[in-house]
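Data block below; observations after.
The values are calculated or read from the model by the stated rules, or taken from the named source; none is laboratory data. Remember, predicted model here, so these are calculated numbers, not experimental data. We place every Cβ from the backbone using ideal geometry, glycine too, and count neighbours over all the protein chains shown.
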Amino acid sequence: MYVVAESAGGGNSLSLFLPFILIIGVMYFLVMRPQQKRRREAMELQNKLGPGDDIVTIGGLHGTVVSIEDDVVLLEIAPEVQVRFARPAIARVVTRADEPVTEADDEIVDEPATSTETVVEETPNPVVDVRKQD
């Protein structure tokens, strides 16, 4: 009878730890693994940076890469205005310098002007002054 009680107690400890093991497994697949993938993609993007690339920083600043040193990227944000950023501050690359320009990008489509302009009549102000006049 003593042996039967021990085997029943061992089964209960497994059933107590099973939910915790399942929660850790779910957290790994829903949180940690996608985060590692995003980190890997960001590192790959930052390693492929080159002069002439148009980029956006994590702060939303648009610029063109002028030069790259170890962990510092020199950006031109306006003509003759250059700023230094840490390489991890680059959020995304808008266009790469080595990408060929397609004909669709160069074409400017001139559409004929049409006379379908609509005339909007001015309507009176719907706000009425209801203050008491003295």
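Just checking, does region 33-50 include any residue being modelled with pLDDT under 90, outside any helix (DSSP H, G or I) and of a type outside the set (D, E, K, R)?
Yes: one or more hits.
Condition (residue is of a type in the set (A, V, I, L, M, F, W, C), in contact (Cβ under 8 Å) with a residue 40 or more places away in the chain and not in a helix (DSSP H, G or I)) applied to region 57-70: is it met by at least one residue?
no
Working only within region 44-69, note down all residues that are β-branched (Val, Ile, Thr), out of contact with any Lys or Arg (no Cβ under 8 Å at 6 or more places or on another chain) and farther than 12 Å from Ala91 by Cβ.
Thr64, Val65, Val66
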